[in-house]
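Reviewing the structure listed below.
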Amino acid sequence: MGAQLRVYKRRIRSVTATKKITKAMEMIAASRVVKAQRKVRSSTPYAEELTRAVTAVGTGSDAKHPLTTEAENPTRVAVLLLTSDRGLAGAFNANAIKAAEQLTERLEREGKEVDTYIVGRRGLAHYNFRERTVVESFTGFTDEPSYADAKQVAAPLIEAIEKETADGGVDELHIVYTEFVSMMTQAAVDSRMLPLRLDEVVEEGASGKDEILPLYDFEPSAEDVLDALLPRYVESRIYNALLQSAASKHAATRRAMKSATDNAGELINTLSRLANAARQAEITQEISEIVGGAGALADANAGSDN
């Protein structure tokens, strides 16, 4: 019994140390998700105004721009998948990867060739392990993305959609990321960024209200304005998606670490009960041995007196 008691005590010490780590990670994730939420809120006004400007230019002119004009028969598309560099976030990365794979399967059924771009080491590791081709990957900034990181990600995608498919370009650009709904809910979503659907942008920019867009005169041309506006639009969309993904990851980590901390506490209680039971059994056995030894000694003394 002594050996069994030592095993229980050693496991209790190990689980207690793990509980301290998960509790610390839970607190760190809780502080980071608040900062990430603040960044999402602060980026919203810029994204809304940029959306409004793009809508005004696209709907107020007859410009035929490659970023707003859909190909008649799209044959090649790019899919940008946003994951995290680190794990310990429950099903956060698995859900995003699953959504990207479902999108890829749907596009391939439509007869389109898919080029995959990945943000985050977890998504890259998943695709590399399965020997799937990744055109370009970006890592090292998923916990706290900046606008410079969004520009870095957007640059090759904008370059690809501006090229002809015969030269290695793409006809469409899709993005898969995790939308932050609340501290308890994060949903993996996919959307098409380019070519831009102006009817959807109007609804997004108007925020459900009847909005009269301003009239513009373009100098030198609307195409030149779109050349300047639409790359910024793509960067802002990617930046917002990166912030949403970062907030979702921190919320998922907080939830996973809280669950791990609670499970560790329950395991410690269970091990403590088992250790107490083993200790009581050990004491009972020692008492039984003492009583048995005393009885045997008494019997021996009685026999010697006779």
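The values are calculated or read from the model by the stated rules, or taken from the named source; none is laboratory data. Keep in mind it's a predicted model, so treat the numbers as computed, not measured. No Cβ is skipped: glycine too gets one built from the backbone with ideal geometry, and neighbour counts run over all protein chains shown.
The single residue among 47, 94 that is among the small types (Gly, Ala, Ser), at pLDDT below 80 and assigned to a helix (DSSP H, G or I) turns out to be 47. For region 97-120, the set of residues classified as in a helix (DSSP H, G or I) and buried (at least 20 other Cβ atoms within 10 Å of the Cβ) consists of 97, 100, 103, 104, listed by residue number.
Considered as a group, the residues in region 137-193 that are in contact with a strand residue (DSSP E or B) (Cβ under 8 Å, 6 or more places away or on another chain) and acidic (Asp, Glu) include one that is surrounded by the most Cβ atoms within 10 Å (Cβ to Cβ), and that residue is 171. No other residue among 288, 245, 236 is within 30 Å of residue 7 (Cβ to Cβ) and hydroxyl-bearing (Ser, Thr, Tyr) apart from 288.
The set of residues in region 2-37 that are aliphatic (A, V, I, L, M) and loosely packed, with under 15 Cβ neighbours inside 10 Å comprises 3, 7, 17, 21, 24, 27, 28, 34.
Among the residues of region 147-199, just one is at pLDDT below 90, of a type in the set (A, V, I, L, M, F, W, C), touching a Ser or Thr at 6+ places or on another chain (Cβ under 9 Å) and in a helix (DSSP H, G or I), namely 198. Inside region 57-80, residues that are small (Gly, Ala, Ser) and at pLDDT below 70 make up a count of 4. Residue count for region 105-125 satisfying the condition of being out of contact with any Ser or Thr (no Cβ under 8 Å at 6 or more places or on another chain) and within 28 Å of residue 32 (Cα to Cα): 1. Restricting the first member to region 1-23 and to residues that are under 25 Å from residue 90 (Cα atoms) and modelled with pLDDT of 90 or more, and the second to residues that are of a type in the set (Val, Ile, Thr) and exposed (fewer than 12 other Cβ atoms within 10 Å of the Cβ), no beta-carbon pair is closer than 6 Å while six or more apart or on different chains. Against the definition (surrounded by 20 or more Cβ atoms within 10 Å (Cβ to Cβ) and under 14 Å from the mean Cα position of the chain (by Cα)), how does residue 86 come out, yes or no? When the stated conditions are applied, residue 86 does not pass them.
Among the residues making up region 229-260, those that are among the aliphatic types (A, V, I, L, M), farther than 27 Å from residue 49 by Cβ and buried (at least 22 other Cβ atoms within 10 Å of the Cβ) are 251, 252, 257. Residues in region 229-251 that are more than 8 Å from the chain's Cα centre (by Cα) and of a type in the set (S, T, N, Q): 3 in all.
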